[in-house]
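Trainee: Have a look at the structure that comes next, please.
The values are calculated or read from the model by the stated rules, or taken from the named source; none is laboratory data. Since the model is a prediction, treat every value here as computed from it, not as a measurement. Reconstructed Cβ throughout: ideal geometry from the backbone, glycine too, with neighbour counts over all protein chains shown. The protein model used for the area step is the full one, side chains on, heavy atoms only, and it has no ligands, DNA or RNA in it. Shrake-Rupley method; radii C 1.70, N 1.55, O 1.52, S 1.80 Å.
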Amino acid sequence: MKYLASAAASLVALKAAGFANTVVTPFDPGVSPVEDLINAFLGTNSGLTYVAGSGSYQGIADQGGTYNDFLLSGEGVPTLQLNDGIVLSTGLADVPAANTDTSYEGQFPGTGGNANLSQLLTDNSAPSSTTNDANTLSFDVTIDDPTATNAIETSFIFGTDEFPDQGVTDAFAFFVDGVNFAEFADGSLITFVEGANNFQFNDNTDDPYGYEMDGITPVLNLVGLFDDSLSTHTIEIVIADTSDTIFDSIVYLESLAGTFTTGGGGTTVDGPIPVPAAGLLMLPVAGFFAARRKKRAA
């Protein structure tokens, strides 16, 4: 949705200094109401109204938060940019602006698991369905004008220090009325799978981005369909460790917007897919845009 680099621009050597200018404001649920995060996520003119009192947050101080001016750039890698929004993590929301630790662990939150994410992992035959250190934001909304809105739209970037060699990894899900719409173009879950989906991530192990996470997805555009049989709709976003409580992952999400679609929901790549092998830095831009796939029934 907000991928700004053209194919030609991405071939220009860029100094890895973008993320240093990104401002992350950690959230403390013991001090601030959950509505602070929800309001930042809904933004303005979303066409959605928050149902007062419906919000809940799972996480400890500094695990989640908001961000401004998100930018990742570096030599030989695609520039990644998002509009302002919220950030959730399995460790710390404000990660270092340099990759200095291949097994980065900002903290051990000890927040427990998330039942919906665990069930999703089970349904998809994941190596582990045990979730730990979950950071979850959930709330209900109503639609201001059902003739103009039947879905939500956002863009996000998922980063992980599990890349490129961990066998049991963290996962991210975005549920709308109980259905997960966060997935890669092949329909797989947003998680790193050793030896199977390295190509889904930009490789940051040598720190071209000047950013802590070893693997970073392209900008991914998500459309989540509302259940039209409901008058009140539930949104739940969650990121968590699986099996263990080590090696952090993080997700940045633009402010939410209501939208209308005649197709199905799902996730599409909003910029160049990382090139999996040495050679061309990028293929022509047209080859990188996947057609929107209809979400499979849960």
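Trainee: Which translational diffusion coefficient, to the nearest whole µm²/s, is obtained for the stretch 83-146 from the Stokes-Einstein equation, given a Kirkwood hydrodynamic radius over C-alpha pairs, 20 °C and 1.002 mPa s?
Mentor: Answer, rounded: 146 µm²/s.
Trainee: Right, another one. In Å², what does the accessible area per residue of the stretch 118-256 work out to with a 1.4 Å probe?
Mentor: 29
Trainee: Working with all protein chains in place, sort 242, 49 by solvent-accessible area computed with a 1.4 Å probe, largest first.
Mentor: Result of the area sort, largest leading: 49, 242.
Trainee: Tell me which residues come under 5 Å, amide H to amide H, from residue 114 once H is placed; ignore anything under 5 positions away on its chain.
Mentor: Here 131 satisfy the definition.
Trainee: Give the residue from 209, 243, 189 lying farthest towards the positive end of the charge dipole for the stretch 175-246; charges sit on Cβ (+1 for Lys and Arg, -1 for Asp and Glu) and the dipole is referred to the Cα centre.
Mentor: 189
Trainee: Also, I was wondering about something else. Which distance in nm do the two modelled labels at residue 205 and residue 21 give, with both placed 7 Å along the Cα-to-Cβ direction?
Mentor: 3.0
Trainee: When the dipole is taken about the Cα centre of the chain, and only Lys, Arg (+1) and Asp, Glu (-1) are charged at their Cβ, what size is it in debye, to the nearest 20?
Mentor: 980
Trainee: Would you mind putting 94-100, 60-66, 142-148 in packing order, based on average other-beta-carbon counts within 10 Å, highest first?
Mentor: Per-residue mean Cβ counts within 10 Å order the peptides as 60-66, 94-100, 142-148.
Trainee: While we're on this one: Would you mind working out the magnitude of the charge dipole of the stretch 94-166 relative to its Cα centre, with +1 at each Lys and Arg C-beta and -1 at each Asp and Glu C-beta, to the nearest 20 Debye?
Mentor: Rounded to the nearest 20 debye, it is 160 debye.
Trainee: Can you pull the semi-axes for the stretch 113-193, root of five times each eigenvalue of the Cα gyration tensor, sorted largest first, whole Å?
Mentor: The three semi-axes for the stretch 113-193 are 27, 14, 12 Å.
Trainee: Along the positive direction of the dipole of the chain (beta-carbon charges: Lys, Arg +1; Asp, Glu -1; about the Cα centre), which of 136, 151, 85 reaches farthest?
Mentor: Highest projection toward the positive end goes to 151.
Trainee: Using packing as a proxy for protection, rank 163-172, 22-31 so that the peptide with the highest average count of other Cβ atoms within 10 Å comes first.
Mentor: Going by the mean number of other Cβ atoms within 10 Å, highest first, we get 163-172, 22-31.
Trainee: How far apart, in nm, are the 7 Å Cα→Cβ label points at residue 39 and residue 123?
Mentor: Each label point lies 7 Å from its Cα, and together they span 3.4 nm.
Trainee: On to the next question. Among 261, 233, 199, flag the residue with its Cα farthest along the positive direction of the charge dipole of the stretch 194-265, charges on Cβ as +1 for Lys/Arg and -1 for Asp/Glu.
Mentor: Sorting the options by dipole projection puts first 261.
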